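Everything below concerns the one structure shown next.
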Amino acid sequence: MLFPTSSLTLFVRRFVKRGKQQYLKARAMTTLHDVVGKLNEFAPENLSEKWDNVGLLVEPRNTSSITNILLTIDLTEAVVQEAQEKNVQMIISYHPPIFAPLKRLTQASWKERIVIDCIRHDIAIYSPHTSWDNVSNGVNDWLAASLPHVSSRPILENPLNSTYGAGRLCEVKGDPIPERDVAQLITKHTQMNCAMVSLAARGEENRTIRTYAVCAGSGASVLKGVKADMYITGEMSHHEVLEATSNGTCVVLLGHSNSERGYLAVFKDILSKRLANGVTVHVSERDRDPMKLVLNENAS
């Protein structure tokens, strides 16, 4: 078939234009390993604690393109279902869903079912856990921002870089904050309705807070022996709280995952800025702390 010169020129231009668009689209595609690279740029896996299990935990066969990522603190079956509904190709689960070694993959336990379902639906799983705790602008820095502070440093410094490490020891900016006001500031920052507070067993009335130490999650091992007016963490045992308050330190407990969950909104912005256009980062709507506070219906 013969084409008029003008028609042939138009056809060639459209073909070349379409080809360029397809080429550019292919170049802009974000792969699983691109995302893992960006995650490691922000918080290298070697910042995590030696006992932890971080990094890429599940890599399905089909991971050619990442367009939707779901952030969660805990990877439950409800969150996996949400990931499927949102057409997610990658879940970043702060707590590693694979921690103790799995000897089999069956339908007998919920953790095994999670791994099976993610592989079946081509969903990768990555866990940062304590690398996010120890890095600058990570979980503990977010928790430390509950109170205005003039200084903050890791409690347990990373041997390779003293700006990284577990926990944070902070000094309040400006005048000391009345002890009675601190819990309100903390719950507002963490978007919690309540917190458990144990006031120091000794000390003057109308006590104020000048120094405080934080450790997201279960912080007793990091906070033990730290000299501060207040500890802020997710959970401590009964006797660990008694020890702290008997030594003059007020304790604020938020619940393990509640002391971490608010950071996901912060990290959503961090990751979105690091990734190319075309990747949407979601914060899970079904991730929640397993414990709820139930009040006596007759309580005043």
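The values are calculated or read from the model by the stated rules, or taken from the named source; none is laboratory data. Just so it is clear, the model here is predicted, and its values are computed rather than measured. Cβ coordinates were reconstructed from backbone atoms using ideal geometry, including for glycine residues, and neighbour counts include every protein chain displayed. To get the accessible areas, we keep the full protein, side chains included, count just its heavy atoms, and leave off ligands, DNA and RNA. Shrake-Rupley method; radii C 1.70, N 1.55, O 1.52, S 1.80 Å.
Here the alpha carbons of the chain define both size measures, Rg and Dmax, at 24.2, 98 Å. In this structure residue 256 has an accessible area near 60 Å², from a 1.4 Å probe over the protein heavy atoms. For segment 91-106, backbone phi angles converted through the Karplus equation (6.51, -1.76, 1.60; θ = phi - 60°) give residue-by-residue couplings of 10, 9, 9, 3, 7, x, x, 10, 10, 6, x, 8, 8, 7, 10, 10 Hz, Gly and Pro being listed as x. Net length available on complete extension from residue 109 to residue 46 is 19.7 nm, with 0.36 nm assigned per residue and the Cα-Cα distance removed. Per-residue accessible area (protein heavy atoms, 1.4 Å probe) orders 192, 230, 291 as 291, 192, 230, starting from the largest. Local charge for residue 118 was computed over the other residues whose Cβ lies under 13 Å away, with Lys and Arg +1 and Asp and Glu -1, and equals -2.
Projected over all directions and averaged, the alpha-carbon convex hull of segment 98-178 occupies 8.6 nm². For the chain, modelled as a GNM whose springs connect Cα atoms under 10 angstrom apart, the maximal fluctuation among 229, 34, 141 occurs at 34.
Accessible surface ranking for 270, 92, 1.4 angstrom probe, highest first: 270, 92.
Carbon and sulfur together cover what percent of the accessible area of the chain at a 1.4 Å probe radius?
Working: 8910 of 17140 Å².
Its accessible area is 52 percent carbon and sulfur atoms.
Ranked from largest to smallest solvent-accessible area, with a 1.4 Å probe on the protein heavy atoms, 153, 261, 120 come out as 120, 153, 261. With both residues required to sit in the chain, DSSP beta bridges show an antiparallel share near 45%. A Förster radius of 22 Å, combined with the Cβ-Cβ distance separating residue 157 from residue 210, puts the computed FRET efficiency at roughly 0.50. Scanning residues 5 or more positions from residue 30 or on other chains, those with amide H under 5 Å from its amide H are 66, with H placed 1.01 Å from N in the peptide plane. Among residues other than residue 193 with Cβ under 15 Å from its Cβ, the summed charge is +3 (Lys and Arg +1, Asp and Glu -1).
Give me the net charge for the shell around residue 42: Cβ to Cβ below 14 angstrom, other residues only, Lys and Arg +1, Asp and Glu -1.
Result for the neighbourhood of residue 42: -2.
Taken per residue, the accessible surface of segment 188-257 reaches 53 Å², heavy atoms only and a 1.4 Å probe.
The phi-based Karplus calculation (6.51 cos²θ - 1.76 cosθ + 1.60; θ = phi - 60°) puts the 3J(HN,Hα) values of segment 275-287 at 9, 5, 4, x, 10, 9, 9, 10, 9, 4, 9, 10, 7 Hz, whole numbers, x for Gly and Pro.
Put a plus charge on the Cβ of each Lys and Arg, a minus charge on the Cβ of each Asp and Glu, and nothing anywhere else: the dipole of segment 163-277 about its Cα centre is then about 460 debye. If you take the Cα centroid of segment 247-300 and the Cα centroid of segment 104-163, the two points sit 12 Å apart. Along segment 127-140 the Karplus relation, 6.51 cos²θ - 1.76 cosθ + 1.60 evaluated at θ = phi - 60°, assigns HN-Hα couplings of 10, x, 5, 6, 5, 6, 5, 8, 6, 5, 6, x, 4, 5 Hz to successive residues, with x for each Gly and Pro. Among 32, 223, 47, the largest mean-square fluctuation in a Gaussian network model of the chain, built with springs joining Cα atoms closer than 10 Å, belongs to 32. A straight Cα-to-Cα reach below 15 Å connects residue 86 with the aspartates and glutamates 77, 117, 122, 285, 287, residues fewer than 8 places away in its own chain not being considered. Rolled with a 1.4 Å probe across the full set of protein chains, the surface gives residue 215 an accessible area near 10 Å². Over segment 147-278, the pair-distance histogram of Cα-Cα distances with 10 Å bins from zero comes to 12, 40, 34, 10, 3, 0 percent, rounded to whole numbers.
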